[in-house]
Every structure is written in C-alpha cells, then in structure tokens.
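Written below as structure tokens is the structure these notes are about.
Taken together, the values in this text are just the output of simple stated rules run on the coordinates, not laboratory data. It should be emphasised that the depicted structure is a prediction, and the values quoted were computed from it without experimental measurement. Backbone-built Cβ (ideal geometry, glycine too); neighbour counts: all protein chains shown.
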Amino acid sequence: MAQTETVTTEASVAATKPDFIHRALRHRAFMIGLVLTGTMIFLALLSLFWTPHSPTEIVISQKLKPPSMSHWFGTDQFGRDILSMIMAGAQTSIVVGLIAVSLGAVIGVSLGLWAAARRGWTEDAIMRVSDLNMAFPVILIAILLTAGWGPGITNAILALGIYNISVFARQVRGAAIGMWEREFVLAARAAGKGDVAITFGHVLPNIISVIVVQATISFAIAILAEAALSYLGVGSQPPDPSWGRMLAESQKYIFFKPVIAVWPGLAIVLSVLGLNLIGDGLRDLVDPRLARRR
Amino acid sequence: MAEIVLRTRDLHRQFVLPRESLFRRPETVFALNGVDLEIEAGRSLGVVGESGCGKSTLARLCMALDRPTSGGIEILGQDLNKLSARELRRARARFQMVFQDPYGSLDPRHTVRRIVGETLDALPAGERAAGGDDAVAKAIDAVGLRAADLDKYPHEFSGGQRQRIAIARALVTRPRLIVADEPVSALDVSVQAQVLNLMQDLAQEYGVTYMLISHDLGVVDYVCDQVAVMYLGRVVEQASRTQLFAKPAHPYTRALFDAVPKIGAGRRKRPALGGQIGSQTQRHGGCAFADRCTHVQSRCREEIPSLRKIDNGHMASCHYA
C-alpha cells in the first residue's frame, strides 16, 4: 500500500505547473511543433501590417520568376509575390481553423457534457444524430452548403464547424462518462450537488486537457480541409489568398515550374505537422502516467 | 428510548442486467432482499459480510444516492422517499458519507478548502451555516490537520491524511449520521488505527453515529456498538457487539469468525467455508446459506428462516440458532 501511495503522489505532483513547463521543454516533438506553429502565427500576424509585396497585385511582366532577392519564393503566373501570398494565406488558414474549431468545440462540448450527465435516451438521441452527422464527410457538407448558398469561405467554415461538433461531442462524452463514475462525483452527489453543478465543478475541469488536445488536432485537420475545399473551388474565393487555391492554380505549371506548387504545399505540410506535434505532445504532457516514464 | 437516526423497512433493491439475448428475459440481480435495520443515536452499527452481499448497495440507498425497488428509509424520522428534491438537499446536511478510496473520492483539481466546503456549498442559500469558512477551518482542525493545509491539493497528502480530509468533509455540516463504506480498508494497517481512533473521538465530540460498513471484524469490533451480519442481501444476524462476539448464533457468523487469522493459532487448519456464494440472480426457496452451511437440514432448503429474537437484543435468521 505504501508503494501505491508514493507512486500516485508522484504522478499527481508531475501535473503541477513549473514541472509541466520543465517537461514541455524537454519534449522534443512538442517543442518542434511549437516552433512550427509559432512561425505560422507570426507570419499571419506580420502579414496584417506588412508583406514584402502586395499579395494581390498582378505584375504580368514579373510572372513565373524563380526565387530571387526581391521575390524570395519567386512569383506566380500573374507575377504576384509568392512569399506575400503564403503569409496572407496563413491568415485565412488560421481564421478558418479558429472559427471552425471554436464552433465545433462550444456546441460539441456542451452536447457531450449533456449526454454524459443525462445518459438514457438523451444520450442516445445526441449520439445517434452525431453518428448521422459523422457519416457525411466534410467535403460533402461543404458541397451541399455551396449548392444552397453559393461558394465562399463562410460555407467552408460552417461545414468544418458542423463536422467538428460530432468530433467534440463524442470525445467529451466518453471522457465525461469516465468522470461521472469517479467516487468524488458520488461524494458531490452525497453533498447534494445537482447535475449542472457537478458538470461544471468536477467533470469539465477534469477533462479540459482532453478538449485542448482535441482542439489542436482538429485545428490541423481544419487547415488541411480548408486547403482541400479551396483547391476544389468551394472554399475561399479569389482574390483572397489561400494555400489550397495557390496549389490548385499551380497545378497547370507543375511540369515546367514545379517550385510554385512546392511553396503552398510546404506551408500546409509544416503547419499541419506543427499542430499535430503540439497535440501529441500535450497528450503526453498531461498524462501523469506517461510523465513518470519520461 | 433513544432517538432512531436510521430505520430501514423491508428494503429491496434489484438491478436489471443488460439483455443478453433478444429472446431471453434480462436477468435480475437481487442485491437486497428485505433489510430491516435500526440505528439508535449513539449506538454505531457495523455492517459486515463478504463482498457481493449488498453492503455497499445498502450504503448507497441510505445516502439517497440510489432508490430502493421497494421498502423505505427513514433518517431522523424523515422518510427519504417522501422528500422533494429540494427538501432532500436540505436534509443531506444531517447524513453524510465517507468513501472507501481516499484517492478517488477527492477531486484532484480542488483545494482542501473547496472539497471540505462543498457540502456547505450545496446547501440551499440561506441554509448555509453562518461563517462557512469558519466551519471548514473547524472541521479541518477537528480531524487533526492544520489551517495551512486548506489551500493544498489532495495529491500533497498521504492516504491517511486524505481520509481525514474526507472525514472533515462529512463532518462540516454537523451531521447526526455518517455512513462509512470501508473507510480504512485502503489504508496501511498502521494508519488504520489512527483513523479509527479519530472516528471514535469525533463520535463523542460531535454526537455522530456511524453506520460502518466493513469486511473486517476487527474494525467493527473497534468502533461499533451494534453489529449486523449480511449474507446475500439479507441481515442474517444482528446483536450488540459484545453479544455477537461472545456468542455468534448464525452458522455464517461463526464461519466468519473462524476465518479471521489469529496470532498464535499456528498451523491449525481453519475450516474454510466450502462452496460458492449463492447466485444473486436467482431467488432462493430456502435459507440462502443452506448450500454452504455445515449444519444444513432438510428444513433449511424448504423454508426461508425469518430474523427472530433468540436472546435479549440478539436476532438471527437460522432455524436452529
């Protein structure tokens, strides 16, 4: 018994704050993810005030230039500066990801918590509707919305948000049910706390890490999906810069100017990788059992 | 006649298992099959029995964490079934619970202050004892922790200290009854005695009566005045501690005593209880213990023995006790 005691104490201590930072610094994948994502956010913020050239200005005389001192990443078929477009494109990706994930998280987490607190037919109803929603891929939802309201970034965000509702609802329901079975919840009930008070006082605070991890991973998926939707033409519309559309437009030149396709491709890969590394890293860092081994 | 803090009347609780086949009726677990108990103020009751005998179900019913299939529970004369949700919340201040696992029963993200104050917090506004924070500090002091501990988190404490926190939480509303479900079985033996001593001291100081659930006869002997022995959802013997320990009447109780390892008993072979604990999904025609009893007669298999008085304040449900 004494042994179990020390082990549990160690594990919980590992979850405290200064130690968390210390372990985060030593988690290589997490730090790489942080640098990649940090760069992306920095570029997006910078592009709000300054880009090397205008990302939308067409200079036909400068078209399809290779990388040079004035155009670090070269220019595209309209003579636009690719680096500027990548920077401005990061904005689009972040805005889409942020709104879509927040939308999905707020509604999905609420539904998941509700399902776990109520159980019975409320849970069944929520989960079956969520199954139905999950049966429709993001692309299909986006195309349906586009058919109804025309193409545009708003519909892409909405499609991703709707899809994310199910993702969060499932994840949160599972984690919350686990919490509801813990003895401290029983103790709270014995104290006379109601379902709402227990949900916000005990269940939510204990599953917040699950939600944060899911949010980073969903963010990465949203960036990828936004690129895919824009590539298909149902996402952001010209002249708004978007990595997905840059990729689609560079397709025609893939055989004699492949470098144009490489830049947006690289931007997508690195930002998605960065967010995934953060997500995986957080999952390791918030798990006290893994903490001991590291 | 002392006040009755807890009375259960013919308490039954059945659980329906998930359906295994579309064509078969789902099975039912008979967890409690008619439990009648009374706890007088100041006479703590120990409930003993092996795992699966319904001890914990009984505790949950008494704490109104679950509803009985039939039968009633009165706490300090109030019938729990008849209380509205609001009245029940208010009544909860009078009966509290201490759980088995001091690691699982304290929310790792709350400070001690918040954990102990939770019961006060849950009371309807206006019912809250004046100076809630004061009450929390007093409770923490009463269980032997320091005021400096109030802002710490559960993981900073040892198992014994955590169980003290759990006791403080139960104590803070000044309840008359505390149901303790295996309160020391998760603790080191050396710490068990400390916690039990504390519980005894508090009983005196705060006028608390315990319903202590345990599989450990030693623990019950230490804290309780009355003992009830349960087997398969029924009380098979009930007596004062002295009577029960001096003259156990029911064969199951005697088997329990024989099973306690004693220092100095050497290699004496203990008569282990033969057979399996009876099925909980079937109703028994005769005595539930008949299959394992060493003194079984044909009558035992036909007629359910009732809990009858065999001595002053000593009840047993055996035809031959």
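Within chain A, what's the longest stretch lacking GluC sites (Glu not before Pro) that sit in DSSP loops with no more than 14 other Cβ atoms inside 10 Å? So the longest stretch without any such site is A:58-180.
Counting, for every residue in B:157-163, the Cβ atoms of other protein chains within 10 Å of its Cβ and taking the mean gives 2. Averaging 1/r across all pairs of distinct Cα atoms in the stretch B:147-211 and inverting the result yields a Kirkwood radius of 12.5 Å. As a ratio to 2.2 N^0.38 Å, the alpha-carbon radius of gyration computed for the stretch B:129-182 takes the value 1.13.
Over the C-alpha atoms of the protein assembly as shown, the Rg to Rh ratio, Rh being the Kirkwood estimate, stands at 1.13. Counted without the sites themselves, the longest stretch of chain B free of GluC sites (Glu not before Pro) in a DSSP loop having at most 14 other beta carbon atoms within 10 Å is B:128-302.
Shape analysis of chain B yields a ratio of the Cα radius of gyration to the Kirkwood radius, Rg/Rh, of 0.99.
Taking label points 7 Å from Cα along the Cα-to-Cβ direction, B:Ser298 and B:Gln204 give a separation of 5.7 nm.
So, R0 is 60 Å and r is the distance between the beta-carbons of B:Ser56 and A:Val95; what FRET efficiency does that work out to, to 0.05? The computed FRET efficiency comes out at 0.65.
Taken residue by residue and averaged, Cβ atoms of other chains lying within 10 Å of the Cβ of B:106-112 number 5. When both bridge partners sit in the protein assembly as shown, DSSP labels roughly 65% of those beta bridges antiparallel. Sorting B:Thr242, B:Thr119, B:Thr209 by the number of Cβ atoms found within 10 Å of their own Cβ, with the fewest placed first, yields B:Thr242, B:Thr209, B:Thr119.
In loop segments of the stretch A:196-294 as defined by DSSP, the chymotrypsin sites (Phe, Trp or Tyr not before Pro) with at most 14 further C-beta atoms inside 10 Å of their C-beta are A:Phe255, A:Phe256. Each principal axis of the Cα cloud of the stretch A:83-291 was evaluated for its coordinate range; sorted largest first, these ranges are 72, 43, 22 Å. Here the contact order of the stretch A:83-291, divided by its residue count and restricted to Cα pairs under 8 Å and six or more residues apart, works out to 28 percent. Centre-to-centre, using Cα atoms only, the stretch B:158-178 and the stretch A:130-206 are separated by 36 Å.
Student exercise: in the protein assembly as shown, how many lysine pairs 8 or more apart or on different chains have Cα atoms under 21 Å apart? For the protein assembly as shown, qualifying lysine pairs total 9. Where in chain B lies the longest segment free of chymotrypsin sites (Phe, Trp or Tyr not before Pro) that are both loop residues by DSSP (not H, G, I, E, B) and have at most 15 other Cβ atoms within 10 Å? Result, exposed sites excluded: B:24-319. Per-residue shielding of B:115-122, expressed as the average number of other chain Cβ atoms within 10 Å of the residue Cβ, stands at 5. When only alpha carbons are used to place a centre, the stretch A:210-246 and the stretch B:198-246 end up 65 Å from one another. Extension gain for A:Asp195-A:Arg26 works out to 56.8 nm (0.36 nm per residue, less the C-alpha to C-alpha distance). The distance between label points at A:Val106 and B:Ser84 comes to 3.6 nm (points 7 Å beyond Cα on the Cα→Cβ vector). Computed over the stretch B:60-101, the P(r) tail beyond 14 angstrom holds 45 percent of alpha carbon pairs. In a DSSP loop and with at most 15 other Cβ atoms within 10 Å, the chymotrypsin sites (Phe, Trp or Tyr not before Pro) in the stretch A:71-157 are A:Trp72, A:Phe78. Helical runs (DSSP H, four residues minimum) scored at -39500 (n - 2.57) apiece and divided by the length of chain A put the mean residue ellipticity at 222 nm at -25000 deg cm²/dmol.
Note on B:Arg24/B:Thr69: beta-carbon distance plugged into 1/(1 + (r/R0)^6) with R0 of 22 Å gives a FRET efficiency of 0.55. For the pair A:Ser54 and B:Ser279, label points projected 7 Å from Cα toward Cβ lie 8.5 nm apart.
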